[in-house]
Amino acid sequence: MPARIEDYALIGDMQTAALVSRDGAIDSLCLPRFDSDAVFAHLLGTEEHGYWRIGPAHPSHRPAPSAARRRYLPGTLILESEWDTPTGRVRVTDFMPPRDSTPQTVRIIEGITGTVMMRSALRMRFGYGRIVPWVTTTNDDRLHAVAGPDSLWLDTAATTYGQDEATYADFTVRAGERVSFVLSWQPSHQAPPPVPDASDALETTEKFWSQWSSNCTYDGPYRDALLRSLITLKALTYSPTGGIVAAPTTSLPEEIGGVRNWDYRYTWLRDAAITLSSLLRTGYREEARAWCAWLVRAVAGDPENLQIMYGIAGERSLGEVELDWLPGYEDSRPVRVGNGAAHQLQLDVYGEVAMTLHAARQAGLGPGETAAHLQVKLVEYLETVWDQPDEGIWEIRGPRRHFVHSKVMAWAAVDRTITLVESGDATIAPGILERWRDLRDTIHAQVCSNGYDPVRNTFTQSYGSTELDASLLLLPQTGFLPPTDPRVIGTIRAVQHELSTPDGFLLRYPTAGSAPGVDGLEGDEGAFLACSFWLVDALALSGRTNEARTLLDKLLALRNDLGLLAEEWDPTEQRQVGNFPQAFSHVAMCDSILELAAHEQAERAL
């Protein structure tokens with residue numbers, strides 16, 4: 001059975017990523033890209049679907065997961081795990097070197113004290129655990145596994161043997177000794193990759209991450225938490241293109257045993273746009289520039305058909321299928337690959353893109369003439385669809401609605417594009433600017449009329465609805481209304497009162513349990529962590545700084561021992577749920593840390 005979601009660590013090379021459990025098992029790894037088929041799919045199935053565990057050989061010497069000590073080397077994505085056994089202490093260092101071509105997973109076992117018998121158990125499976133490769137040993141003692149277009153190469157000085165369609169190595173490490181394993185992926189038709197040097201790879205990887213971390217310009221409260229989140233966001237960036245995946249996993253459930261299981265290994269414009277804002281505010285301009293370039297390439301030539309998400313290289317076709325041979329994480333079915341929400345109408349995306357390009361220009365990034373032309377084209381199309389119902393920020397699979405957040409973000413898209421034209425960075429035909437100013441006023445008036453409940457003094461989830469939605473907390477951040485407006489203050493209080501869990505975190509919106517709710521799905525879900533961080537921001541903006549800090553501290557306490565967060569928190573089971581680690585959660589954490597620090601600094605200056 002796979003570990004609890006929060007018991008995993010992330011390693012990666014900015015093209016793909018692996019999850020490593022406390023007991024030394026890699027239970028999830030897709031090769032060669034984030035969105036490729038899994039080589040290890042134990043996370044969504046059983047050990048028969050592929051894993052790689054390195055740990056003490058004798059079962060009685062394997063400590064409970066809670067007894068394992070682990071950490072990232074400071075400022076890096078290099079994982080160190082230590083175990084104490086009756087005969088000595090051992091350390092395993094796991095990492096994936098940044099690469100030009102061949103993806104590698106490196107595992108270095110080091111004796112610290114005494115003598116420890118160790119075992120490597122490697123069950124290689126292609127196609128999400130469905131394909132058993134043909135495994136042979138070459139004349140130079142390299143293990144080679146091949147099936148169809150994929151091949152894996154295992155390099156180690158330890159003696160390996162095959163048993164029950166798996167590869168094992170039993171070996172002993174003494175104090176001061178090291179044994180290395182390197183697993184490399186290569187297209188099966190190509191020549192073998194070079195024999196790797198694990199020590200050189202460790203040195204190169206540590207240097208890369210240390211240099212990258214040193215560029216962080218933030219030096220305020222919670223810096224360690226913020227830097228760990230930034231490293232995580234960097235790890236979720238596909239370096240060849242600049243696209244940012246929402247998470248490196250698919251189908252980790254939002255409700256254990258439920259059906260809310262989605263593939264997050266793609267680039268959501270919303271998530272990536274918000275990520276860019278945090279990167280710009282902390283000194284990472286190159287990553288922001290790369291994402292702007294990715295955006296222009298992904299959307300170019302077809303802005304009227306803007307998708308809410310794309311593949312990491314800008315692919316548009318993300319067809320959703322179910323892998324019925326996998327039982328799912330803790331029997332949470334179905335396991336999905338691809339995402340059918342890619343072609344939904346979500347009006348908020350236009351606003352997020354426009355606000356992001358606006359922020360990039362304000363930061364002196366200069367997205368360029370092409371980006372300015374793209375923004376104008378997007379608003380020209382938005383004029384024709386803004387008054388339609390849509391699926392909204394949460395990608396509902398029920399009937400479309402006039403979501404208030406969607407309309408507010410449509411307003412933001414028009415507003416920022418008016419600013420773009422007024423600045424002289426874009427030109428449009430005569431008369432259009434005045435038309436857009438009228439459109440901006442029309443959207444604003446409609447939202448305040450149809451999306452506001454004067455009796456309860458709160459904006460609502462959609463026109464004519466009495467339900468609330470945590471996305472309403474973002475309303476003042478768009479500039480739609482100032483944070484001091486009584487309607488904004490009333491909305492914050494209403495959302496906090498009606499959507500809070502007993503421990504003070506926020507649901508996205510009400511769910512209906514056994515009956516399909518507004519999202520068209522049965523079942524419930526946990527507290528949405530990004531929304532809970534939005535509450536921190538809203539409290540700070542409205543002057544409730546002490547409450548904001550208290551909530552931020554509670555949210556930071558939900559992170560696992562390595563500082564990582566999934567998408568949601570199950571308040572009943574007291575555990576993380578959803579895909580892991582989640583970019584949306586980490587970028588929201590960064591924003592809350594930055595916002596609260598700015599507000600507290602301003603208060604001290606008064």
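List of remarks:
- Estimated inter-spin distance, Gln190 and Thr370, nm [label 7 Å along Cα→Cβ]: 2.6
- Note that region 491-506 has calculated 3J(HN,Hα) couplings of 5, 4, 5, 5, 4, 4, 6, 8, 10, 7, 7, x, 8, x, 8, 10 Hz, one per residue in order, obtained from phi through the Karplus relation 6.51 cos²θ - 1.76 cosθ + 1.60 (θ = phi - 60°); glycine and proline are x.
- Extension gain (nm, one decimal) between Asp140 and Asp100, 0.36 nm per residue minus Cα-Cα: 11.9 nm
- Close amide-amide hydrogen proximity is noted between Ile131 and Phe126, each under 5 Å apart and 5 or more residues distant or on a separate chain (H modeled in the peptide plane; Pro and chain starts excluded).
- By average C-beta atoms within 10 angstrom, highest first, the peptides 117-130, 317-330: 117-130, 317-330
- Of the residues Leu306, Leu606, Gly148, the one whose Cα sits farthest towards the positive end of the charge dipole of the chain is Leu606 (charges of +1 on Lys and Arg Cβ, -1 on Asp and Glu Cβ, taken about the Cα centre).
- Each residue of region 110-120 was assigned a 3J(HN,Hα) from its phi angle through the Karplus curve 6.51 cos²θ - 1.76 cosθ + 1.60 (θ = phi - 60°); the sequence is 10, x, 9, 9, x, 9, 10, 7, 10, 9, 9 Hz, with glycine and proline shown as x.
- The charge dipole of the chain, taken about the Cα centre with unit charges on the Cβ atoms of Lys, Arg (+1) and Asp, Glu (-1), comes to about 840 debye, rounded to the nearest 20.
- Protection proxy ranking, peptides 310-316, 238-244, average beta carbon neighbours within 10 Å, highest first: 238-244, 310-316
- Protection proxy ranking for 208-214, 374-380, using the average of other Cβ atoms within 10 Å per residue and placing the highest first: 374-380, 208-214.
- By the helix-only formula, in which each DSSP H run with n ≥ 4 contributes -39500 (n - 2.57) and the sum is divided by residues, the chain has a 222 nm mean residue ellipticity of -10500 deg cm²/dmol.
Read the figures in this text as sums done on the coordinates, not as results from a lab. In this text, all values refer to a predicted model and were calculated from it rather than measured experimentally. Here Cβ is always computed from backbone atoms with ideal geometry, including for glycine, and neighbour counts include all displayed protein chains.
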